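The values are calculated or read from the model by the stated rules, or taken from the named source; none is laboratory data. None of these values were measured; they are calculated from a predicted model. When we count neighbours, we look across all protein chains shown, and the Cβ atoms used for this are built from the backbone with ideal geometry, even at glycine.
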Amino acid sequence: GAGVSQSPSNKVTEKGKDVELRCDPISGHTALYWYRQSLGQGLEFLIYFQGNSAPDKSGLPSDRFSAERTGGSVSTLTIQRTQQEDSAVYLCASSSLRGYGGGNTDTQYFGPGTRLTVL
Amino acid sequence: QKEVEQNSGPLSVPEGAIASLNCTYSDRGSQSFFWYRQYSGKSPELIMSIYSNGDKEDGRFTAQLNKASQYVSLLIRDSQPSDSATYLCAGPFSGGYNKLIFGAGTRLAVHP
């Protein structure tokens with residue numbers, strides 16, 4: 001079946017503009033995650049959705065960042081008043097939550113990412 | 001102490017050799033671990049998951065989990081130049097729900 005998809009694949013914007021990044025998870029996956037990866041760095045957790053609710057927003061770097069998920073499917077990450085330090089690859093992942101509760105953590109499958117460049 | 005730690009490398013091995021990648025974790029209660037491979041400019045892709053103590057083999061890859069010592073490793077046999085990538089180790093978040101904590105990754109270079 002189809003994997004995780006993200007759009008746009010590349011986004012170039014000017015400092016101060018707002019951007020919206022979209023993630024379409026694997027069909028049937030109830031958990032959705034957003035990460036950020038700066039050049040040469042590891043994955044930085046941003047936010048986790050279980051269904052439409054976000055029990056963990058601890059990774060959002062500032063109040064300029066927000067995310068929503070509707071219908072338990074597509075998620076949008078919005079960055080307001082972008083800054084140059086926001087330039088990074090934004091990765092989305094989804095998992096099925098089938099194993100959780102039995103002591104196992106479900107595999108996360110990643111989308112191709114959105115490369116954001118703030119000029 | 002970070003929850004999941006890896007040596008950043010680079011780890012350089014000759015083609016055909018065994019590459020050994022290691023990862024340590026802090027939460028003794030962790031039960032699930034994952035190895036992801038990430039090529040430059042690409043997103044992480046799952047190589048293996050391991051839930052039980054011992055070894056798990058899949059082709060040229062073997063994952064090893066030692067819960068007593070709190071480490072997990074990935075062995076790549078007959079290393080190929082195409083294996084050159086960054087390998088990310090991930091384990092469960094200790095806060096009690098379905099979230100993974102990723103190590104910073106180990107860069108592997110396989111030279112002909």
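Could you tell me whether B:Pro112 is more than 14 Å from every other protein chain (Cβ to nearest Cβ), over 30 Å from A:Asn10 (Cβ atoms) and in contact with a Pro (Cβ under 7 Å, 6 or more places away or on another chain)?
yes
Identify all residues within region B:82-96 that are more than 18 Å from B:Asp27 (Cα to Cα) and not in a strand (DSSP E or B); write none if there are none.
B:Ser82, B:Asp83, B:Ser84
So, of the residues in region B:83-112 that are polar (S, T, N, Q) and in contact (Cβ under 8 Å) with a residue 12 or more places away in the chain, which turns out to be farthest from A:His29 (Cα to Cα)?
B:Ser84
From B:Ser49, B:Ser69, B:Ser79, B:Ser40, which residue is part of a loop (DSSP other than H, G, I, E, B), within 10 Å of another protein chain (Cβ to nearest Cβ) and not β-branched (Val, Ile, Thr)?
Result: B:Ser40 is the single residue among B:Ser49, B:Ser69, B:Ser79, B:Ser40 that is part of a loop (DSSP other than H, G, I, E, B), within 10 Å of another protein chain (Cβ to nearest Cβ) and not β-branched (Val, Ile, Thr).
When the residues of region A:21-33 are narrowed to those that are hydrophobic (A, V, I, L, M, F, W, C) and out of contact with any Cys (no Cβ under 6 Å at 6 or more places or on another chain), which ends up surrounded by the fewest Cβ atoms within 10 Å (Cβ to Cβ)?
Selected residue: A:Ile26.
Residues are listed down the side, and each one gets a yes or a no for (1) over 15 Å from B:Thr106 (Cβ atoms); (2) in contact (Cβ under 8 Å) with a residue 12 or more places away in the chain; (3) of a type in the set (D, E, K, R):
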site	(1), (2), (3)
B:Glu3	yes, yes, yes
B:Gly16	yes, yes, no
B:Ile47	no, yes, no
B:Lys56	yes, no, yes
B:Arg60	yes, yes, yes
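Considering B:Gly41, B:Gly59, which residue is surrounded by fewer than 16 Cβ atoms within 10 Å (Cβ to Cβ), of a type outside the set (S, T, N, Q) and farther than 30 Å from A:Thr114 by Cα?
The unique qualifying residue is B:Gly59.
Against the condition without any contact (Cβ under 8 Å) to a residue 60 or more places away in the chain and surrounded by fewer than 18 Cβ atoms within 10 Å (Cβ to Cβ), how does B:Ser8 come out, does it pass?
No, not satisfied.
Taking region A:34-44 as the search range and keeping residues that are over 10 Å from the mean Cα position of the chain (by Cα) and surrounded by 14 or more Cβ atoms within 10 Å (Cβ to Cβ), which one is farthest from A:Tyr90 (Cα to Cα)?
A:Gly42
Please go through region A:45-64 and pick out each residue that is over 11 Å from the mean Cα position of the chain (by Cα) and either surrounded by 18 or more Cβ atoms within 10 Å (Cβ to Cβ) or more than 28 Å from A:Glu14 (Cβ to Cβ) (or both).
Within region A:45-64, A:Gln50, A:Gly51, A:Asn52, A:Ser53, A:Ala54, A:Pro55, A:Asp56, A:Ser58 meet the criteria.
Somewhere in region A:39-49, is a residue assigned to a strand (DSSP E or B), out of contact with any Phe, Trp or Tyr (no Cβ under 7 Å at 6 or more places or on another chain), within 12 Å of chain B (Cβ to nearest Cβ) and within 22 Å of B:Ala85 (Cα to Cα)?
no
Given the condition within 13 Å of chain A (Cβ to nearest Cβ), closer than 30 Å to A:Cys23 by Cβ and in a loop (DSSP other than H, G, I, E, B), answer yes or no: does some residue in region B:13-28 qualify?
Checked region B:13-28: at least one residue is within 13 Å of chain A (Cβ to nearest Cβ), closer than 30 Å to A:Cys23 by Cβ and in a loop (DSSP other than H, G, I, E, B).
Going through region A:64-84 one residue at a time, which ones are out of contact with any strand residue (DSSP E or B) (no Cβ under 8 Å at 6 or more places or on another chain) and at pLDDT 95 or above?
A:Arg81 - this is the single residue of region A:64-84 that is out of contact with any strand residue (DSSP E or B) (no Cβ under 8 Å at 6 or more places or on another chain) and at pLDDT 95 or above.
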